[in-house]
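Novice: Shown below is the structure under consideration.
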Amino acid sequence: MSIGTRSTVLQRRLHIAERIRQQGQVRVDALARECGISTVTIRADLAYLEDQGLAIRTSGGARAT
């Protein structure tokens, strides 16, 4: 996965939300490696997911709501 079009961003955020749902918690660094993007972008995605009520950000990652 990589940064790109709006649909790519949506797909990446859905992937992250699904990973959180499956695992209960995720780490920023692991998601960045998995998605092939920067930790800054992952943090922005996690902030978006938190705003949508799909995640709760934690130090270094996020957990399920």
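What follows draws every value from the coordinates through simple rules; no lab data is involved. Nothing here was measured: the structure is a model prediction, and the numbers come from that model. Every residue, glycine among them, receives a Cβ derived from its backbone with ideal geometry; neighbour counts consider all protein chains shown.
Novice: For an R0 of 25 angstrom, estimate the FRET efficiency from the Cβ-Cβ distance between THR39 and VAL9 and round to the nearest 0.05.
Specialist: 0.95
Novice: Let me ask something else about it. What is the distance in Å between the Cα centroid of segment 13-31 and that of segment 50-65?
Specialist: About 9 Å separates the Cα centre of segment 13-31 from the one of segment 50-65.
Novice: Taking log10 I(q)/I(0) by the Debye sum over Cα atoms at q = 0.16 Å⁻¹ straight from the coordinates, which label in [x] -0.41; [y] -0.93; [z] -0.63 is the correct one?
Specialist: [x]
Novice: Residue by residue through segment 21-35, what is 3J(HN,Hα) from phi via Karplus (6.51 cos²θ - 1.76 cosθ + 1.60, θ = phi - 60°)? Round to whole Hz and write x for glycine and proline.
Specialist: 4, 6, 9, x, 7, 9, 10, 4, 5, 5, 5, 4, 5, 4, 8
Novice: Run the helix sum for the chain: -39,500 (n - 2.57) per DSSP H stretch of 4+ residues, divided by residue count, reported at 222 nm to the nearest 500 deg cm²/dmol.
Specialist: Mean residue ellipticity at 222 nm (helix-derived): -19000 deg cm²/dmol.
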